[in-house]
Amino acid sequence: MRIFKAYSNNRIQIEKIENNNGKILAYSKSSPFYPDGKGGQLGDRGSIGPAHVLSVRENDDYIICELDKEIQPGEYDVTIDEERRMDIAQQHTAQHILSAAFIEIANIKTVSFHMGDEYCTIDVETAFIEPDVLNEAEELANKIVQSCTEVEEIITDLEGSRNYSLRKPLSDKVKGEVRLIKIGQFDVSACSGFHTENTGEVGMIKIIDTEKVKGELTRLYFVAGIRSLKYFQKYNSVINELAKMLTTSLDELQARIVKMQNQMKEQASTLSKISEEYARCISTNLKNDGLVYVEGYNEVGNFLLKIMDLSNRIVVFFDGTRYLIASHKYDVRPMIKKLMEVYGGRGGGKAEFANYQPEKKMERSDFERICSEVYQI
Ligand SMILES: [Zn+2]
């Protein structure tokens, strides 16, 4: 792994320990633990003596490790989570390769990089990427991986960096030592993060999603290394399971789902027609004035309230969960208010239509009583 030399120590000098209400912070002037978020990279984990490192940050004077138990200031052996470091190195090197591939294929520049625990993202300077360009850049990136090109680390300064064709030129304000990561003739960029020694160690680079961000950029989500394998295992397992559930082959899966969607649409349309017919049918047998109480399916209730003449009656429809109450003669809001006073629950709506869900079960007789109290009918 190409690790900046400051992060290759296996000892640490803890200058002071702070305990902020149980949050233990260890302060060091220098540390082999890479800080969380520095350069868009995940931070290191591991242990300092007997304590595990939970998070790492830095300020102008110190690198601060949050620990799971209190230790005394002093010098300690450290253990770094090397598996996590390798994952970080794979993602970071993949980012260099992918960013360079987009320049090579379509001159699309990367403006930022973020590394997460499950996937990484780069934001590139275009609002839209043609699917062909996406595929070509991904293929080129993977060819670079398969070429097993050495990933070199070059320590130089601003003046020395001018001998290389950097993907992103350094600011003239840069002072002191500069670390360049050079991938054969394919890419050179200044970077302080972890990288693999060889592109072959990066494993497959897979773009898993794209999203338009900030109006003019595209965010590319990608995985590399073991993450690519885990991603493939997960999707393979889900898709195989779906194919089994729908008793079809992987090749037929998409067509099968489209067919099911069409069937569902047809069934929903038929159900709607049947509900309307049924609502018309039962409406003819209902009385023409006063309180009309009906129980049934929600779909039927919605049609019933639409087609019924409400000019001389108040209709209460119960679908098994909530009551729909409608009338063109009586303002239904006082009824909802009274129901909530007596039976609790929640409800609301307008003068001509409202809904109500009581806390406890109600009977038709309860509505008859409330109606007679509120409207004297
Ligand atoms: Zn890097």
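Structure notes:
- Helix 298-307 and the longest principal axis of the Cα set of the chain meet at an angle near 50°.
- Entry note, the range 33-83: relative contact order of 34 percent, from Cα contacts under 8 Å with a spacing of 6+ residues.
- On the beta carbon distance between R280 and N236, with R0 = 56 Å, the FRET formula returns roughly 0.65.
- Taking all Cα pairs closer than 8 Å and separated by 6 or more residues, the relative contact order of the range 115-179 comes to 30 percent.
- Between the helical axis of 82-106 and the longest alpha-carbon principal axis of the chain there is an angle of about 90 degrees.
- Proximal aspartates and glutamates relative to K109, as straight alpha-carbon distance under 19 Å, when same-chain residues fewer than 8 apart are discounted: D123, E125, E130, D132, E136, E138, E139, D187, D209, E211, E216
- Mean residue ellipticity (222 nm) of the chain, computed from DSSP H runs ≥ 4 via -39,500 (n - 2.57), nearest 500: -11500 deg cm²/dmol
- Spin-label model distance (nm) - D157 vs V111, 7 Å beyond Cα toward Cβ: 3.4 nm
- Cα gyration tensor shape for the chain, rounded if a/c is under 1.5, else prolate or oblate: prolate
- For the range 41-119 versus the range 289-342, the gap between their alpha-carbon centres in whole angstrom: 62 Å
- Rough spin-label spacing in nm, given labels placed 7 Å along Cα→Cβ, for K69 and S192: 3.3 nm
- Carbon/sulfur fraction of accessible area - the range 3-47, other protein chains in place, 1.4 Å, %: 44 percent
- Within a straight-line Cα-Cα reach of under 20 Å, K350 can be paired with the following lysines, leaving aside sequence neighbours fewer than 8 residues apart in one chain: K306, K329, K337, K338.
- Label sites at L166 and S372, each approximated as a point 7 angstrom past Cα along Cα to Cβ, lie 8.9 nm apart.
- Sites matching trypsin sites (Lys or Arg not before Pro) across the range 138-176 that sit in DSSP coil, with at most 11 neighbouring C-beta atoms within 10 Å: K173, K175
- Accessible area (Å², per residue) of the chain, counting only protein heavy atoms and a probe of 1.4 Å: 56 Å²
- Length gained on full extension, R219 to I17: 68.7 nm, using 0.36 nm per residue less the C-alpha separation.
- Gyration tensor (alpha-carbon) shape descriptor, the range 325-377, a/c threshold 1.5: oblate
- The chain, relative contact order [Cα under 8 Å, separation at least 6], %: 11 percent
- Ligands, DNA and RNA left out, the 1.4 Å accessible surface of the range 86-229 is 48% carbon and sulfur atoms.
- Choice from N285, N262, N135 showing the highest fluctuation, given a GNM over the chain with Cα pairs closer than 10 Å: N285
- Cα gyration tensor shape for the range 155-258, rounded if a/c is under 1.5, else prolate or oblate: prolate
- Taking θ as phi - 60° and the Karplus parameters 6.51, -1.76 and 1.60, the scalar couplings of the range 54-60 work out to 9, 7, 9, 9, 9, 10, 4 Hz in sequence order, x denoting glycine and proline.
- Between helix 364-375 and the chain there is an angle of about 80 degrees, using the helix long axis and the longest principal axis of the Cα atoms.
- Taking I205, I17, I122 as the candidate residues, the one with maximal mean-square fluctuation in a Gaussian network model of the chain, Cα springs under 10 Å, is I17.
- Listed by chain and number, the lysines placed with their C-alpha closer than 30 angstrom to that of K23 are K5, K38, K69; residues fewer than eight positions away on the same chain are left out.
The values are calculated or read from the model by the stated rules, or taken from the named source; none is laboratory data. Because the structure is predicted, anything quoted here is derived from the model rather than measured. In this analysis, Cβ positions are derived from the backbone assuming ideal geometry, glycine residues included, and neighbour counts consider all displayed protein chains. Note: accessible area is taken over every heavy atom of the protein model, side chains too, but ligands, DNA and RNA are not part of it. Shrake-Rupley method; radii C 1.70, N 1.55, O 1.52, S 1.80 Å.
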